[in-house]
Amino acid sequence: MSKLLVSATGLAAAAALAFGGAGTQAAASTTLLPAGHSFAAKLTGKATFVAGSTTMTCTVSASVPGTGANNQVPAAPANHNDAGPVSATINPPTFSGCTTSVFGVSVSVTANATNGAWTLSAQNGAPATGGFTIPKGGVVLKTSGFAACTITASPAGPTAVNGAWTNGAPSTLAISGAPVPATVTGGFLCPTGDQSATFSATYQITDTTDPAQRITVTG
């Protein structure tokens, strides 16, 4: 049972997608286009969370524009950075259609922006990279059935997890085996304390202001 709940922390990882640089070289200049356009990030295929021999899968996940300024490419010139990534605040992603490989245990997940903003960031390069940022405690996952536990992702502060950005129609952000910290509380069947898991998923990034255009990363 403890393996299940460790993998449940991976569900929290789904929302912990975040841009983060690697290496010691200076970051290349980045431009995110089209300036000022709104965008959606929607899961294509399945999001998979793995810990040990236990797997959890979600079939629906998305961050979409609302009534405010979230999910919007910054207006020029803020959509360009001479030496680093370009970021945009986004609405917390939703997750649904989630199942676990362990019989008798269900799971639900809620994302929030209580302790800070979520962002999508993109960095030009070869290859380009990008991701989502989860603020402190930005995802809370609850299991029910054989074990009732609460899993909180990114418990100590913002978490960064890299992905690969590919320009296209639509552009995609692919995350593969990304580690995410979490903490678990609950009854005696819960593996309480600090935990971790891995997350893999691909998101399509689409222009919702003008669906004929593409959200792209360049220099």
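The values are calculated or read from the model by the stated rules, or taken from the named source; none is laboratory data. Here the structure is a predicted model, which means the values were calculated and not measured. Note that we place each Cβ from the backbone using ideal geometry, even for glycine, and neighbour counts take in every protein chain shown. The accessibility values were calculated without ligands, DNA or RNA, using every heavy atom of the protein model including side chains. Shrake-Rupley method; radii C 1.70, N 1.55, O 1.52, S 1.80 Å.
Would it be correct to say that GLY131 is surrounded by 15 or more Cβ atoms within 10 Å (Cβ to Cβ) and assigned to a strand (DSSP E or B)?
Against the criterion (surrounded by 15 or more Cβ atoms within 10 Å (Cβ to Cβ) and assigned to a strand (DSSP E or B)), GLY131 qualifies.
If you scan region 82-118, which residues turn out to be out of contact with any Gly (no Cβ under 9 Å at 6 or more places or on another chain), open to solvent by less than 50 Å² (accessible area, probe 1.4 Å) and farther than 22 Å from THR150 by Cα?
Listed by number, the residues that qualify are VAL86, ALA88, ILE90.
Of everything in region 101-117, what is in a strand (DSSP E or B), in contact (Cβ under 8 Å) with a residue 60 or more places away in the chain and touching a Phe, Trp or Tyr at 6+ places or on another chain (Cβ under 9 Å)? Give them in sequence order. Lay out the reasoning, then the answer.
Keep residues of region 101-117 that are in a strand (DSSP E or B), which gives 105-111.
Narrowing further to those that are in contact (Cβ under 8 Å) with a residue 60 or more places away in the chain: 105, 107, 109, 111.
Once the filter is applied, which keeps residues that are in a strand (DSSP E or B), in contact (Cβ under 8 Å) with a residue 60 or more places away in the chain and touching a Phe, Trp or Tyr at 6+ places or on another chain (Cβ under 9 Å), region 101-117 yields VAL105, VAL109, ALA111.
To keep it simple, each residue is scored yes or no on (1) in contact with a Pro (Cβ under 9 Å, 6 or more places away or on another chain); (2) among the aliphatic types (A, V, I, L, M).
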{"position": "PRO93", "(1), (2)": "no, no"}
{"position": "THR99", "(1), (2)": "no, no"}
{"position": "VAL105", "(1), (2)": "no, yes"}
{"position": "TRP118", "(1), (2)": "yes, no"}
{"position": "ALA128", "(1), (2)": "no, yes"}
{"position": "ALA160", "(1), (2)": "no, yes"}
{"position": "GLY187", "(1), (2)": "no, no"}
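For ALA76, are the conditions met, namely being more than 21 Å from ALA160 (Cβ to Cβ) and not in a strand (DSSP E or B)?
yes
Have a look at SER154, SER87, SER171 and point out the one that is within 22 Å of LYS46 (Cβ to Cβ) and either among the hydroxyl-bearing types (Ser, Thr, Tyr) or free of Cβ contacts under 8 Å to residues at least 24 places away in the same chain (or both).
That would be SER171, the only listed residue that is within 22 Å of LYS46 (Cβ to Cβ) and either among the hydroxyl-bearing types (Ser, Thr, Tyr) or free of Cβ contacts under 8 Å to residues at least 24 places away in the same chain (or both).
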